[in-house]
Protein chains: 4
Amino acid sequence: MSASPSTGHSGQPNGTMMAAVLYAPRDLRIEQRPVPSPSQGEVLIRILSVGVCGSDVHYYEHGRIGDFVVRSPLVLGHESSGQIVAVGKGVSSARVGQRVAIEPGEPCRRCDQCRAGRYNLCPNIRFHGTPPVDGTLSEFVAVQSDLAYAVPDEISDNAAALLEPLSVGIWANRKAGVQVGTSVLIAGAGPIGLVTTKVAHAVGATRIVVTDVNPIRLSAALKSGATAIAVAGSDDVAGEFDGFIDCSGSSAAIAAGVRLVRPGGSVVLVGMGADELRLPLGVVQQRELVVTGTFRYANTWPTAIALVASGRVSLDDLVTGEYGLADVEQALTAGRDPQSVKAVVQPSRNQPA
Amino acid sequence: MSASPSTGHSGQPNGTMMAAVLYAPRDLRIEQRPVPSPSQGEVLIRILSVGVCGSDVHYYEHGRIGDFVVRSPLVLGHESSGQIVAVGKGVSSARVGQRVAIEPGEPCRRCDQCRAGRYNLCPNIRFHGTPPVDGTLSEFVAVQSDLAYAVPDEISDNAAALLEPLSVGIWANRKAGVQVGTSVLIAGAGPIGLVTTKVAHAVGATRIVVTDVNPIRLSAALKSGATAIAVAGSDDVAGEFDGFIDCSGSSAAIAAGVRLVRPGGSVVLVGMGADELRLPLGVVQQRELVVTGTFRYANTWPTAIALVASGRVSLDDLVTGEYGLADVEQALTAGRDPQSVKAVVQPSRNQPA
Amino acid sequence: MSASPSTGHSGQPNGTMMAAVLYAPRDLRIEQRPVPSPSQGEVLIRILSVGVCGSDVHYYEHGRIGDFVVRSPLVLGHESSGQIVAVGKGVSSARVGQRVAIEPGEPCRRCDQCRAGRYNLCPNIRFHGTPPVDGTLSEFVAVQSDLAYAVPDEISDNAAALLEPLSVGIWANRKAGVQVGTSVLIAGAGPIGLVTTKVAHAVGATRIVVTDVNPIRLSAALKSGATAIAVAGSDDVAGEFDGFIDCSGSSAAIAAGVRLVRPGGSVVLVGMGADELRLPLGVVQQRELVVTGTFRYANTWPTAIALVASGRVSLDDLVTGEYGLADVEQALTAGRDPQSVKAVVQPSRNQPA
Amino acid sequence: MSASPSTGHSGQPNGTMMAAVLYAPRDLRIEQRPVPSPSQGEVLIRILSVGVCGSDVHYYEHGRIGDFVVRSPLVLGHESSGQIVAVGKGVSSARVGQRVAIEPGEPCRRCDQCRAGRYNLCPNIRFHGTPPVDGTLSEFVAVQSDLAYAVPDEISDNAAALLEPLSVGIWANRKAGVQVGTSVLIAGAGPIGLVTTKVAHAVGATRIVVTDVNPIRLSAALKSGATAIAVAGSDDVAGEFDGFIDCSGSSAAIAAGVRLVRPGGSVVLVGMGADELRLPLGVVQQRELVVTGTFRYANTWPTAIALVASGRVSLDDLVTGEYGLADVEQALTAGRDPQSVKAVVQPSRNQPA
């Protein structure tokens, strides 16, 4: 928080805070905003770490992702951790002081999808950093209490933020039915491919082959639990897999991967790629493959916390750069370096005078 | 059986029988063959009715379906009923006289797929009327005992044969998760579309919309339980469906149908169509649609028998022509008449002198 | 509503209403209460029909069910239909005038169970007519908008109320995995046994055997879709069933039913019975039976509405008595007549002057 | 093999072998038997290691387990590994020399259970060492080819034999739905409790609490992956578990465990205990617990092999004693020592002259 804001009796900080606001493609401004007040059922969180996601970068560079268009100034950021500093009505004040990981989607909780437990498919969901909902690249954010999950000391601030991409990996593995003894092919070793690999390993998959074109990423995949790696497009991947998870968004990778899945196996498309998915129909039919896509996740934070707290999954090793709020644009462009995996922004750390 | 074959003490007919043998595209010959002897665990069946399937017609006209090529003379036919006339070692002689429906695929029973209950995906399966395995368009066939299911009197000979396409419909509905209260869109009202519609109705689906380009078929769909019909390609289908089952093989129908499925819904591809399946990737991902194909069926005959015996599904109304073995070619070409739905061949009925 | 209450511009009735309030066992008083106002997200409903459930009768007679004790005056009733007469903030005024069925449990929507789609297991659920939450045996009730389901004209007021017990039957069948071709044994032909039978029939079960000690109820079971009935305790039930649903709460019936389930089959306990469930352990283990109990239901109203609107399930035939609000005690004791199946109270019908 | 049998061209040993044959309770004799010949589809295996199971001990001491009675001389043993020395017709001779783990149940492969993939529930299954089917406590055994799984060098002879109890643990975990992030309570830390613990750990369960009365066993549980241990019957186990797996057969443990399972959780009964299972009915119903028993396993060997070969599960640490065939009775009584976990018999090791 800039300039030592005072804090009232309730723990609610008064005054203003700094936030990184996107006005247009490559027009990102650090500006003052009022600190939000937690409404009924909400908690106010001082943000400690925010992972930079490919979608943040895409909004920053293009001002839109598909139908989601940045029409008015928007705060980006949705991979977040922080510390509760105040609570709204109906929330126990015992929560003040808790370090938390933030689930960034606030579902309506009333539609058919919500009530069936598929709240990620809620048509009314409000998701951090997706127009027109502000994200977390600011000093404070107010969120509904149950979306702020207490994390134990074993989980660092950065790791708590990265429970969000980890959730994507958990969800992909669930959809693919990866479990103990499973063999799985994972295309793409970017951040999502790596967390997917880490989860597959933690779940007990005994054969995990990862493909990518980037040798640095392939090396990271090996450290993340891959039992074998291969350059995408090479003929080095053979045999049959119980499941194939695409984290590359590459049509070529998808086409190749599908053909390597055993009868009755599964194909899960995580990466956003072309508009059209082309599949070999005969393969899908004769093997009765089950093909699905993932859209975010549901009910994953407790699992994510357990995985990291127990040491089964590490996330800190994904962080290749830490930035203050003033340096958000550096963080958003860090990915141009092929060595970069995950940049994190720490909005509450001491700012240069 | 031609020329009154004598029958030995064991019930095994001696001598020869007539069979319809495909030598080459449009070269189908009715010729004498020795009556098979049932091996250990087999029963010998006098064939009473054989439904003509689109795949039979395709082999007849083109001599192949994809990689399956008729390289040596082949007996077609795999939708079959009959009466047990003799049994091999290890089979109770009490089965002699039973009227039976025949499941046409003989799995290896030992591979991973078989042992997991997915025997339709067995790579070693021997399937009637698929090269190089002879089918049932003959007077007698020997099959493994457990693949000959006793049928009660309520099921006619023709209906017993058509339990095979009914099984395709049962399997499609299972894969789509159709159940009581489900809304389902079915593209294509040919024989498979109609049995799929009948099963959806019997299963308790409360909204069943069927599309086709042929008004005669659409009318049959209405009689089969559709709650609404629409001309394929029109804009008359609206709303969201829990599931979409394609029985048309039409790329346009698939593309249109996928967009009408609700988030979390399912897409099942039954019809064989183009080599490539094109899907709107964003729709599959954002709705987390589950897309799969079907390949035949597994464990469906008991359900099929129960459905027909209980009157929940009728099959006799699908039969639009009955033929003797001598008229197999007429049966194979009957489908050129747009009024035709299903031709059946009755190899054991009295032949003209 | 007593004494023609006036209705303001918003449709909100002013003044007071009559309600049936339980003060102590057998001390039920019809008294005036203020008409509730719909809060944000709520609708105000004029109650048209309320089915009397065994639990209402139990509270009336004993003042408690297990740990749920009537400690302060309580309005009973949770099987309800009505008409929306006013809406709270955030609800479209287009809903005013809709005839609706009411789902009686208001879950917290935030706990792990709610978010996983198992909101019936929400520890914070507020359920109509269960201490300390008032039920619907009154002229008006305010409920959350999404728990008031619009019903089409094909569904009568009484049937709309009875979608609640129908939901119990739907849930039991889902838990038992009853589907097309299934064989199921149902113990108990009281109201819950009958709706369970109706759903099993609608779902496509092809063998439905119902047991009870009451021949009148057994006769009703036959009309509800049973394919066979048997006196409970007789040896007339034989063969194997895919599933067994107990709606009797009888230890003897449970013990007998479990032994009739095939390997891999399911046992679902709907009826509340003794404190202790005794099962033959060897049978459960050697057949790997799946045993579970049901607690209310989740996500069943859309299915229930579809079933009744489509004519697949009838509910009006269950109603054996209709009562005004003044005669609630008669309705609560109607079940002493062995001919009685379901009494309904219609709080809004013309009261005697 | 006693007295250097000669081996024919086909690899088939001629002559006789030694086997441990149970004639009556505590009347076990080491005697000569002819070496079996592999029938069509079978392989002949020289037995390398046989784990002693509690059921072997029970037969040895009592001559029966429930309805299974030793009526004629019986070879015990069903946890086995060996080396293929000859093959029957239809089996590739390339298998000769393979080291294999043996799945001890030979299902009929034709009944409804087999075809549905639940072959462990096959009523016709022939299971090693269960009357009247001879087991593997002999020098050679012939088994169907697909039930002899090749094992890699990473798996020792003893560990290959112990893939059988590991399969019990895999099956129990599958039935309980244990997966990454799951919390599970396991009662009983005998050999089955330990392998169940090992699998829960390998599967990614993040909270694994094991109870037993034996501190030595509890210590072994800790080494097997338990995150906490507690003396059975103490009040030290608190909180809610996603699943409870009973490997103790103790009524008290079951009663206590069931009450610790969260709503919607699962209870799996692995241990054989009393004839009657007593459960708190209200708990089962109000939490909708899913209770089931396990009977052996199906489709587990590939997973078991992958787990051990990859180092995720160790089995050698369970072995507390190795015995020659001549010392089978010592092996069968080794369990009286509280330090004993698993005795193995190695029938083919050099016998004293």
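Couple of notes before you dig in:
- For D:ARG115: the one exception among (1) in contact with a Gly (Cβ under 6 Å, 6 or more places away or on another chain); (2) on the phi < 0 side of the Ramachandran plot: (1)
- Filter result (at pLDDT 95 or above, part of a loop (DSSP other than H, G, I, E, B) and not polar (S, T, N, Q)) within region C:274-295: C:ARG287, C:GLU288, C:LEU289, C:PHE295
- Leading residue by the ranking (farthest from C:ASN14 (Cα to Cα)) among those in region C:85-106 that are touching a helix residue (DSSP H, G or I) at 6+ places or on another chain (Cβ under 6 Å) and part of a loop (DSSP other than H, G, I, E, B): C:GLU103
- Residues of region C:220-237 satisfying the condition of being open to solvent by less than 60 Å² (accessible area, probe 1.4 Å) and over 19 Å from C:PRO165 (Cβ atoms): C:ALA228, C:ALA230, C:ALA232, C:SER234, C:VAL237
- Condition check for C:VAL52: under 28 Å from C:GLY335 (Cα atoms), surrounded by fewer than 24 Cβ atoms within 10 Å (Cβ to Cβ) and of a type in the set (A, V, I, L, M, F, W, C): no
- Each residue in region D:107-120 was checked for being part of a helix (DSSP H, G or I), in contact (Cβ under 8 Å) with a residue 60 or more places away in the chain and either facing another protein chain (nearest Cβ under 7 Å) or closer than 16 Å to B:LEU147 by Cα (or both), and 1 of them qualify.
- Here C:GLY129 meets each of (1) open to solvent by less than 10 Å² (accessible area, probe 1.4 Å); (2) part of a loop (DSSP other than H, G, I, E, B); (3) of a type outside the set (Asp, Glu); (4) under 30 Å from A:THR300 (Cβ atoms) with one exception, condition (4).
- Residue in region D:90-105 that is open to solvent by less than 20 Å² (accessible area, probe 1.4 Å), over 29 Å from D:SER310 (Cα atoms) and at pLDDT 95 or above present: no
- Candidates C:ASP212, C:ASP242, C:ASP235, C:ASP246, filtered to the one that is at pLDDT below 95 and not hydrophobic (A, V, I, L, M, F, W, C): C:ASP235
The rows are residues; the columns are (1) more than 15 Å from the chain's Cα centre (by Cα); (2) acidic (Asp, Glu); (3) away from chain B (no Cβ under 14 Å); (4) under 29 Å from A:VAL21 (Cβ atoms).
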| residue | (1), (2), (3), (4) |
| --- | --- |
| A:GLU288 | yes, yes, no, no |
| A:ARG296 | no, no, no, yes |
| A:ASP327 | yes, yes, yes, yes |
| A:ALA331 | yes, no, yes, yes |
| A:GLY335 | yes, no, yes, yes |
| A:SER340 | yes, no, yes, yes |
| A:VAL344 | no, no, yes, yes |
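- Residue list for region B:60-89, filter: hydroxyl-bearing (Ser, Thr, Tyr), farther than 21 Å from B:ARG46 by Cβ and either touching a Ser or Thr at 6+ places or on another chain (Cβ under 7 Å) or open to solvent by less than 40 Å² (accessible area, probe 1.4 Å) (or both): B:TYR60
Residues checked against (1) open to solvent by less than 50 Å² (accessible area, probe 1.4 Å); (2) free of Cβ contacts under 8 Å to residues at least 40 places away in the same chain; (3) among the basic types (Lys, Arg); (4) part of a helix (DSSP H, G or I):
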site	(1), (2), (3), (4)
C:TYR297	yes, no, no, no
C:PRO302	no, no, no, yes
C:LEU307	yes, no, no, yes
C:SER314	no, no, no, no
C:THR320	no, yes, no, no
C:TYR323	yes, yes, no, no
C:ALA326	no, no, no, yes
C:ALA331	yes, no, no, yes
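- Meets criteria (over 20 Å from the mean Cα position of the chain (by Cα), away from chain D (no Cβ under 14 Å) and basic (Lys, Arg)) for C:ARG312: no
- Hits in region A:271-295 (condition: open to solvent by less than 20 Å² (accessible area, probe 1.4 Å) and under 30 Å from D:HIS201 (Cβ atoms)): A:THR292, A:THR294
- Unmet criterion (only one of (1) more than 13 Å from every other protein chain (Cβ to nearest Cβ); (2) free of Cβ contacts under 8 Å to residues at least 24 places away in the same chain; (3) within 23 Å of B:SER251 (Cβ to Cβ); (4) not charged (D, E, K, R)) for A:GLY282: (1)
- Of all residues in region D:165-175, those being open to solvent by 10 Å² or more (accessible area, probe 1.4 Å) and not basic (Lys, Arg) number 2.
- Boolean, D:ASP246 is open to solvent by 20 Å² or more (accessible area, probe 1.4 Å) and touching a strand residue (DSSP E or B) at 6+ places or on another chain (Cβ under 9 Å): no
- Taking region C:189-206 as the range and being modelled with pLDDT of 95 or more and open to solvent by 20 Å² or more (accessible area, probe 1.4 Å) as the test, the residues that pass are C:PRO191, C:ILE192, C:HIS201.
- For B:PRO123, the requirement of being away from chain D (no Cβ under 14 Å) and under 27 Å from A:GLU240 (Cβ atoms) is not met.
- Flag for D:ARG109 being open to solvent by less than 30 Å² (accessible area, probe 1.4 Å) and either among the basic types (Lys, Arg) or more than 30 Å from D:ASP327 (Cα to Cα) (or both): yes
- So D:ALA148, is it more than 25 Å from D:GLY271 (Cβ to Cβ), within 14 Å of another protein chain (Cβ to nearest Cβ), buried (at least 23 other Cβ atoms within 10 Å of the Cβ) and in contact with a strand residue (DSSP E or B) (Cβ under 6 Å, 6 or more places away or on another chain): yes
The values are calculated or read from the model by the stated rules, or taken from the named source; none is laboratory data. Quick caveat, the model's predicted, so the values are computed rather than measured. Note: ideal-geometry Cβ built from the backbone for every residue, glycine included; neighbour counts use all protein chains shown. Note: areas computed on protein heavy atoms with side chains; ligands, DNA, RNA excluded. Shrake-Rupley method; radii C 1.70, N 1.55, O 1.52, S 1.80 Å.
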